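Written out below as structure tokens is the structure these notes cover.
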Amino acid sequence: MSGVRVLVGTRKGAFILTSDGKRERWDVSGPHFGGWEIYHVKGSPADQNRLYVSQSSGWFGQMIQRSADGGKTWETAGNEFKYDGIPGTHQWYDGTQHPWEFKRVWHLEPSLTDPDTVYAGVEDAALFRSTDAGKSWQELPGLRCHESGPRWAPGAGGMAVHTVLLDRMNPGRMFIAISSAGAFRTDDGGTTWRPINRGLRSDYIPDPNAEVGHCVHRIAMHPSRPNVLFMQKHWDVMRSNDAGESWHEVSGNLPTDFGFPIEVHSHEPETIYVVPIKSDSEHYPPDGKLRVYRSRTGGNEWEALCNGLPQQDCYVNVLREASAVDSLDPCGVYFGTTGGQVYASSNAGDAWAPIVRDLPAVLSVEVQTLP
Amino acid sequence: MIRVVIPFHLRTLAGVTGHVELRVEGPATQRSVLDAIEATYPMLRGTIRDHTTQLRRPFLRFFACEQDLSHESPDAMLPDAVASGAEPFLIVGGIAGG
């Protein structure tokens, strides 16, 4: 029988949750790397037992861990992330130019075909790649060195590459997103990049329609339709039908269009999920009710999913990396909260249950569907 | 042998318990001790000092013989008691939070 492995990164360690294909009973292992901030754990699509972990600490800096056995054992990989050439500067909070400084790895994206190749989206915003299973890292400097780079500025959460999407149908194409610079695309394997933010409007920047400066929180795609992208922006849920050339808003009837994660159903490319958060000043759900919203129409028309989720006195947040879907049928949907719960639905969102609770604040959730 | 006490998380990373004992070639300085630590435990590279600048990470301190050596030159001689192994060289994580 098939199974599911849920990879959870938290403020104080990593946890691995496993279940069979029924997704009713869960085994929890962890904490792995207890006491460390685990921004992301992700498995290789080319080798389900190859896992990569971003482990960091304000005291000791960045570590990368790697497993060859699905998280039973770990091996320390390389942790030297050196910007290519002279790093240059970007805009700082006070408007001055500030040197690029590596802080941490936010996102690890393993290659679709090679378990030893993995991309790392880092803060301060840049993209690195390893082709030796994380032993060494080389920057793809075309992104950071884009002519708009000196105009990129950190938001309250820093300035990081937090989203990396690989195009299964076009190996040279990648999408990334930076808070708070916006979305970028490469069509040549990461050598050159261009902003893809036309149609985004952000009233919190001097020119609301600027080419860069938008606080993109997350982008999602269905692997069968890589030209259709969905975005949760700081405010606004957006959609692109042309690989990011243009975007239009699909917030529709959402109670609030602020939020962090966005996901696409694994079998229905027009079914998408968001978790509305009241506002950027109040990072918790509206009315103390934790509700996932699902659109079966690719946006605009949304329904609240609350069966099994707390509907009173709930003031957790769901961070940008903290949701995922499995590829079983029916599709499983998962998200973790800053209150330490990981909720799962084994029926595409119709009903939910916590599969673990009282963990440290959840930073990331990824799911592997096992044969 | 020089004795070095490293913080809990670095002991976990290095897979050691208690203090570590290191044979240091040449004069005993912060640099030679850290070189020896990183040679023996390569997983600790970058966790105590920056890969490129070789500067101490901001929230770590170096103590020995009831002295704060954090701001000493990395090439300054460590106290004789450290060099002889009578006293440990302490790598301490700064207390933070409330």
The range B:33-51: number of residues that are within 14 Å of another protein chain (Cβ to nearest Cβ) and touching a residue at least 24 places away in the same chain (Cβ under 8 Å) = 7
Would you say residue A:81 is within 12 Å of chain B (Cβ to nearest Cβ) and touching a Leu at 6+ places or on another chain (Cβ under 7 Å)?
-> no
So residue B:23 fits all but one of (1) of a type in the set (Lys, Arg); (2) under 24 Å from residue A:101 (Cα atoms); (3) in contact (Cβ under 8 Å) with a residue 12 or more places away in the chain; what number is the exception?
-> (2)
How many of the residues making up the range B:10-27 are within 14 Å of chain A (Cβ to nearest Cβ) and either among the basic types (Lys, Arg) or within 14 Å of the chain's Cα centre (by Cα) (or both)?
-> 3
What do you reckon, is residue A:59 among the hydrophobic types (A, V, I, L, M, F, W, C), touching a helix residue (DSSP H, G or I) at 6+ places or on another chain (Cβ under 8 Å), within 11 Å of another protein chain (Cβ to nearest Cβ) and without any contact (Cβ under 8 Å) to a residue 24 or more places away in the chain?
-> yes
Run residue B:98 past the list (1) away from chain A (no Cβ under 14 Å); (2) modelled with pLDDT under 95; (3) touching a helix residue (DSSP H, G or I) at 6+ places or on another chain (Cβ under 9 Å) and report the number of the one that doesn't hold.
-> (3)
Does residue A:53 satisfy the condition of being within 19 Å of the chain's Cα centre (by Cα), within 14 Å of chain B (Cβ to nearest Cβ) and either over 22 Å from residue A:138 (Cα atoms) or part of a strand (DSSP E or B) (or both)?
-> yes
Please enumerate the residues belonging to the range A:114-128 that are more than 19 Å from residue A:76 (Cβ to Cβ), in contact (Cβ under 8 Å) with a residue 60 or more places away in the chain and outside any strand (DSSP E or B).
-> A:114
Search the range A:95-113 for residues that are basic (Lys, Arg) and pair each with any residue that is surrounded by fewer than 18 Cβ atoms within 10 Å (Cβ to Cβ) when their beta-carbon atoms are under 7 Å apart and the residues are at least 6 apart or on different chains.
-> A:103/A:158
For residues that are surrounded by fewer than 16 Cβ atoms within 10 Å (Cβ to Cβ) and assigned to a strand (DSSP E or B), scanning just the range A:58-90, find the one that is nearest to the chain's Cα centre (by Cα).
-> A:75
More than 11 Å from every other protein chain (Cβ to nearest Cβ), in a strand (DSSP E or B), closer than 30 Å to residue B:61 by Cα and of a type outside the set (Asp, Glu): does that describe residue A:39?
-> yes
Among the residues of the range B:52-91, count how many are surrounded by 14 or more Cβ atoms within 10 Å (Cβ to Cβ) and facing chain A (nearest Cβ under 10 Å).
-> 3
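The values are calculated or read from the model by the stated rules, or taken from the named source; none is laboratory data. Just so we're clear, the structure is a prediction, and the values are computed from it rather than from any experiment. For neighbour counting, all protein chains shown are included, and Cβ atoms are generated from backbone atoms with ideal geometry for every residue, glycine included.
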